[in-house]
Amino acid sequence: MIIAKSQKDLDRMREVGELIAEVREALRGMVGIGVSTLELNRAAEKMIRERGAIPTFIGYHGFPFAICASVNEQIVHGFSNETPLKDGDIISLDMAATYNGFVGDTAFTAPVGEITDELKQLIRVTEECLELGIAQCHPNKRVGDIGWAVQQHAEKYGYGIVRDYTGHGIGRAMHEAPQIANYGRPGTREKIRAGYCFAIEPMLNLGTHETRTLADKWTVVTRDGKPSAHAEHTIAVTADGPEILTLTKEQKAALKKTENETVAA
Ligand code: MG
């Protein structure tokens, strides 16, 4: 069953969304050559706790870190370690917080130093796929429309679309119904309604879509060892369409400005 949120629930989803977005942007600023994922993990945990929230990932089915840190061919659920990031790497950071009983979940992929044009495009297209998926989130559209929008765009570039891991409903629990695949057929699956909250998260690979899991039982990598990118927002469906919850105050203000300018034009 998909849980529709009340106005009060949505206010709390907004709060936790903004909170985790601020952590995300702080981490984005920390990514660089020589930084280790363990340092990023420590910083993330500290920032989440300082804001009075709980790092949702810690202890989730036994996961030991506040963030998933997935470098290069790692797709998701990467373990943090002391290895310094190096020039030309890409790193995906996925994080979630629980605050006032509700969860916000977000991820991004960032370059380390100077990366190839091929990798720049992979990251850019993954972000575009996220935007296109979000744009489908209007009442009376269907969950299959989201996957279709992501798939259409990713396939133009020949990228492998990860099928083994999906987006999800989100609220009091990090993972609620429905599963939101990054592929699909328009007009299929559950009907989207106002009050639904989704975590939409395309994962695109430079090569095959196939995955395997490392001996740590968590870290998921591409089967062919080629790089992978990930981007995620938590959104709410309103009567007017999608509202991205995992934006910082600044990002929300910038978005509002763009919208007002569009209306004025
Ligand atoms: Mg998620």
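Looking at the range 1-77, the pairs of alpha carbons with a distance over 19 Å make up 46% of the total.
Charges at C-beta only: +1 for Lys and Arg, -1 for Asp and Glu. How large is the resulting dipole of the range 50-127 about its Cα centre, in Debye rounded to 20? The dipole of the range 50-127 has a size of about 280 debye. Remark: H230, H168, H175 ranked as H175, H168, H230, counting other beta-carbon atoms within 10 Å and listing the fewest first.
A simple charge model with +1 on the Cβ of Lys and Arg, -1 on the Cβ of Asp and Glu and nothing else charged puts the dipole of the range 48-185 at about 580 debye relative to its Cα centre.
Dipole of the range 7-264 computed with +1 at Lys/Arg Cβ and -1 at Asp/Glu Cβ about the Cα centre; of L122, Y159, Y183, farthest Cα towards the positive end is Y183.
Sorted ascending by nearby beta carbons within 10 Å, beginning with the fewest, L204, L255 become L255, L204. Annotation: for a label point projected 7 angstrom from Cα along Cα→Cβ of E39, residues of the range 110-138 with backbone N closer than 18 Å are 110-114.
Taking the range 7-264 as the region of interest, the number of lysine pairs whose Cα atoms are within less than 27 Å, with members eight or more places apart or on different chains, is 25.
Computed 3J(HN,Hα) for the range 165-174, one whole-Hz value per residue from the Karplus formula 6.51 cos²θ - 1.76 cosθ + 1.60 where θ = phi - 60°, is 10, 9, x, 6, x, 8, x, 5, 10, 5, glycine and proline marked x. Working from label points 7 Å from Cα in the Cα-to-Cβ sense, the A264 to E50 distance is 3.6 nm. Considering only Cα atoms, the convex hull volume of the range 139-265 works out to 148 Å³ per residue. Sorted into 5 angstrom bins from 0, the C-alpha pair distances of the chain split as 1, 6, 13, 18, 19, 18, 13, 7, 2, 0, 0, 0 percent. Taking the range 52-93 and a reference point 7 angstrom along Cα→Cβ of T208, the backbone N atoms nearer than 19 Å belong to 72-76. Taking 7 Å steps out from each Cα toward its Cβ at E250 and E25 produces label points 0.5 nm apart. For the options K120, K217, K191, a Gaussian network treatment of the chain with springs between C-alpha atoms closer than 10 Å singles out K217 as fluctuating the most.
Seen from G241, the other residues with C-beta closer than 14 Å to its C-beta sum to a net charge of -3, counting Lys and Arg as +1 and Asp and Glu as -1. 3J(HN,Hα) couplings calculated from phi for the range 37-46 with the Karplus curve 6.51 cos²θ - 1.76 cosθ + 1.60 (θ = phi - 60°) are, in sequence order, 5, 5, 5, 5, 4, 4, 4, 5, 4, 4 Hz; Gly and Pro show x. Sites listed here are GluC sites (Glu not before Pro) in the range 76-133 whose DSSP assignment is loop and whose Cβ has at most 15 other Cβ atoms within 10 Å: E82, E114.
What you get for the range 7-264, charging only the Cβ of Lys and Arg (+1) and of Asp and Glu (-1), is a dipole of about 620 debye around the Cα centre.
Net charge in the neighbourhood of V162 (other residues with Cβ under 14 Å of its Cβ; Lys, Arg +1, Asp, Glu -1) is -4.
Laboratory data are not the source of any read-out in this text; all were calculated from the coordinates shown. On a predicted model such as this, the values are computed, not experimentally measured, just so you know. Here the Cβ is made from the backbone with ideal geometry for all residues, glycine too, and neighbour counts use every protein chain on show.
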